[in-house]
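Report on the following structure.
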Amino acid sequence: MTDRSEPVRTPLFDRHTALGAKMVDFHGFQMPVQYSGIQDEHRKVRTGVGMFDISHMGEFEIWGQDAFEYVQRMVTNDAGQLKIFQVQYTGLCYEHGGLVDDLTLYRFPDHYLMVVNASNIPKDLDWLEQHVAGDVEIRNRSEEFSLIALQGPKSEAALRSLTSSDLERIAFYWFVPGEVAGVPAVISRTGYTGEDGFEIYIDDPQGAVTVWDALMEAGESVGIVPVGLGARDSLRLEVGYNLYGNDIWEETTPLEARMAWVVKLEKGDFLGREAMMKQKEEGLSRRLVGLELRGQAFPRPGYPVLRGDAEIGQVTSGTVGPSVGVPIAMAYVPTELAGKGSELIVDCRGREVEATVVGLPFYTRGSRK
């Protein structure tokens with residue numbers, strides 16, 4: 001493993017600094033948080049196309065004759081529904097139902113690929129290795145893969161001239177092995193913004209630089225811009241996507257976190273199933289909800305959520321949504337207060353701001369196919 005006493009630089013580090021990015025330590029990686037500015041980058045993704053370096057994400061390959069049975073026992077979704085070259089969003093849970101992580105699962109002809117959160121790479125790998133049974137091999141390829149995300153309604157136009165793959169035939173949450181700018185790559189129609197787009201996996205550091213440069217040049221005609229982690233966060237919050245460490249963690253279950261659609265209790269045994277069956281039978285005591293605040297406010301994680309004088313929860317994620325124009329947040333609240341229209345208060349550094357529970361996503365005009 002790489003020495004993590006100093007933040008790790010991705011293969012694209014020099015490209016970020018040359019573009020004037022503000023770099024930060026993000027879970028042990030030196031990553032760009034912004035270039036031209038968070039709001040500007042956010043809007044460019046919503047209306048055009050933005051490119052992200054997300055090479056900090058973790059990648060585990062699962063090989064062996066018993067790979068399917070193993071994956072099926074580890075994840076909450078039904079891996080048996082995955083066709084070859086299809087992707088699935090799913091959860092990885094402890095026996096008590098809490099989330100080890102949320103991840104995307106790719107089915108290749110001869111193995112599976114789990115793409116996990118950067119902050120959880122060591123923890124996830126340890127958990128997976130603890131439960132290996134039968135003919136199963138886990139290959140941690142996190143340090144070998146670079147990952148570039150192309151997001152926005154003009155993503156396909158920016159990528160089309162650089163690949164012979166038929167992009168129009170790649171449906172949402174499917175992928176193809178191919179090439180981009182002559183570099184072998186896996187091209188998936190996935191993303192974390194609510195917009196149409198692609199995530200490009202490259203297992204050669206210099207190849208990642210080649211692809212980045214080619215995309216910047218090819219995308220110039222459609223206004224491509226580099227985008228940092230700041231806009232990635234505001235984009236994902238506007239469409240109600242959870243962030244591990246903020247909205248989900250070891251003591252939240254998928255049922256509480258609006259992830260019941262990726263929990264297939266009927267598929268048979270998997271880690272956390274019994275706990276979630278019990279939780280479903282007894283009823284949830286809390287749910288993750290969307291909040292829209294009134295007036296001038298900037299909700300931040302940790303701000304108390306009140307009902308009257310009583311604190312009933314805390315903001316898990318919050319911002320002023322550039323595309324929706326109002327302060328928005330997510331928080332866990334008691335189930336009886338989780339219905340749309342519930343009136344609550346968010347304590348913004350001593351100032352009580354009225355808030356209403358609203359349906360998610362906050363932003364519904366994305367270009368996602």
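Taken together, the values in this text are just the output of simple stated rules run on the coordinates, not laboratory data. Just so you know, these numbers come straight off a predicted model, no measurement behind them. Ideal geometry is used to build each Cβ from the backbone, glycine not excepted, and the neighbour counts take in all protein chains shown.
Quick notes on this one:
- Label-point separation, MET216 to ASP66 (7 Å along Cα→Cβ), nm: 4.8 nm
- Checking every one of the GluC sites (Glu not before Pro) in segment 1-68 against DSSP loop status and a limit of 12 other Cβ atoms within 10 Å picks out no site at all.
- Relative contact order (percent, whole number), the chain, Cα cutoff 8 Å, 6+ residue spacing: 18 percent
- Given their separation in residues at 0.36 nm each and the Cα-Cα distance between them, GLN206 and ASP166 gain 11.9 nm when the chain is fully extended.
- FRET efficiency, 1/(1 + (r/R0)^6) with R0 30 Å, evaluated for SER5 and ALA260 via beta carbons: 0.15
- Hits among lysines - C-alpha to C-alpha of LYS267 under 18 Å, sequence gap 8 or more where chains match: LYS83, LYS278, LYS280
- The C-alpha atoms of segment 285-369 occupy a region whose extents along the principal axes are 43, 28, 19 Å, arranged from largest to smallest.
- All Cα pairs of segment 110-166, percent lying beyond 19 Å: 51 percent
- Residue among GLY283, GLY223, GLY64 with the largest mean-square fluctuation in a Gaussian network model of the chain, springs linking Cα atoms under 10 Å: GLY283
- Check: segment 285-369 dipole with +1 on Lys, Arg Cβ and -1 on Asp, Glu Cβ, in debye: 520 debye
- Bridge type composition, the chain - antiparallel percent by DSSP, nearest 5: 95 percent
- Positive-end ranking of LEU235, ALA208, ALA171 along the dipole of segment 143-278, with charges on Cβ about the Cα centre, is headed by ALA171.
- Each of the peptides 120-128, 337-345 was scored by the mean count of other Cβ atoms within 10 Å over its residues; in descending order, highest first, they stand as 120-128, 337-345.
- Whole-Å semi-axes of the ellipsoid equivalent to the chain (Cα gyration tensor, √5λ, descending): 32, 28, 18
- Among the listed pairs LYS264/LYS369; LYS22/LYS44; LYS22/LYS154, those whose Cα-Cα separation exceeds 21 Å are LYS264/LYS369; LYS22/LYS154.
- Loop-located GluC sites (Glu not before Pro) in segment 231-287, at most 10 other Cβ atoms within 10 Å (DSSP): none
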